[in-house]
């Protein structure tokens, strides 16, 4: 084959440190486009971003050449540095150490994009911790509750 053809879609989730409610509507209004710019700068495609005051969901399309931990490190490091350097909040902002990442088939992409877009409504019924555990279980990922939260 003369070229490389791929369709690598991912649903990524990460929270603020200690799941503190730090992402105000005003910050979200600037933060989401900033994160989109980081993703674009990495040569990836952001299909959807959503979240609440304590976590963010991304639906992204990556290339086979992307190294997932490196891309996520850049998103989290650069966005938290931007928030702190521009004093977008009172105090110090940081993201949790880890993240969740789940592959998304093309057939499930519309549902995942809708799910990410409906985060604020969704979280009137379920906490971030409950949501994350459900996603781990739905995706067959083993975890130990003792080590799940930083």
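The values are calculated or read from the model by the stated rules, or taken from the named source; none is laboratory data. This structure is a prediction, so every number in the text was calculated from the model and none was measured. Note that each Cβ is placed from the backbone with ideal geometry, even for glycine, and that neighbours are counted across all protein chains shown.
Would you check if residue 88 is touching a residue at least 12 places away in the same chain (Cβ under 8 Å) and part of a loop (DSSP other than H, G, I, E, B)? Judged against the criteria, residue 88 is a match. Scanning region 52-80 for residues that are closer than 17 Å to residue 98 by Cα and without any contact (Cβ under 8 Å) to a residue 40 or more places away in the chain gives 67, 69, 70, 71, 73, 74, 77, 80.
Please work out if residue 56 is under 22 Å from residue 135 (Cα atoms) and exposed (fewer than 11 other Cβ atoms within 10 Å of the Cβ).
When the stated conditions are applied, residue 56 does not pass them.
Within region 17-55, track down each residue that is in contact with a strand residue (DSSP E or B) (Cβ under 6 Å, 6 or more places away or on another chain), under 21 Å from residue 121 (Cα atoms) and not in a loop (DSSP other than H, G, I, E, B). 32, 47, 48, 49, 50, 51, 55 - these are the residues of region 17-55 that are in contact with a strand residue (DSSP E or B) (Cβ under 6 Å, 6 or more places away or on another chain), under 21 Å from residue 121 (Cα atoms) and not in a loop (DSSP other than H, G, I, E, B).
As for region 95-118, it holds no residue that is surrounded by fewer than 17 Cβ atoms within 10 Å (Cβ to Cβ), more than 27 Å from residue 140 (Cβ to Cβ) and out of contact with any helix residue (DSSP H, G or I) (no Cβ under 6 Å at 6 or more places or on another chain). Test of understanding: among 39, 23, 35, 13, which residue is farther than 29 Å from residue 107 by Cβ and in contact with a helix residue (DSSP H, G or I) (Cβ under 7 Å, 6 or more places away or on another chain)? So the residue among 39, 23, 35, 13 that is farther than 29 Å from residue 107 by Cβ and in contact with a helix residue (DSSP H, G or I) (Cβ under 7 Å, 6 or more places away or on another chain) is 23. Scanning region 75-85 for residues that are modelled with pLDDT of 95 or more, within 18 Å of residue 117 (Cα to Cα), in contact with a helix residue (DSSP H, G or I) (Cβ under 7 Å, 6 or more places away or on another chain) and outside any loop (DSSP other than H, G, I, E, B) turns up nothing.
Kindly check whether there is at least one residue in region 12-27 that is farther than 19 Å from residue 131 by Cβ and within 13 Å of the chain's Cα centre (by Cα). First the steps, then the outcome.
Step one: list which residues in region 12-27 are farther than 19 Å from residue 131 by Cβ, which gives 24-27.
If we keep only those that are within 13 Å of the chain's Cα centre (by Cα) as well, we get none.
Checked region 12-27: no residue is farther than 19 Å from residue 131 by Cβ and within 13 Å of the chain's Cα centre (by Cα).
If the condition is being touching a residue at least 40 places away in the same chain (Cβ under 8 Å) and either within 13 Å of residue 47 (Cα to Cα) or in a helix (DSSP H, G or I) (or both), then region 103-114 contributes 104, 106, 109, 112, 113. No other residue among 39, 49, 13, 35 is free of Cβ contacts under 8 Å to residues at least 40 places away in the same chain and buried (at least 18 other Cβ atoms within 10 Å of the Cβ) apart from 39. When restricted to residues that are within 12 Å of the chain's Cα centre (by Cα) and either outside any helix (DSSP H, G or I) or at positive phi (or both), region 56-74 contains 5.
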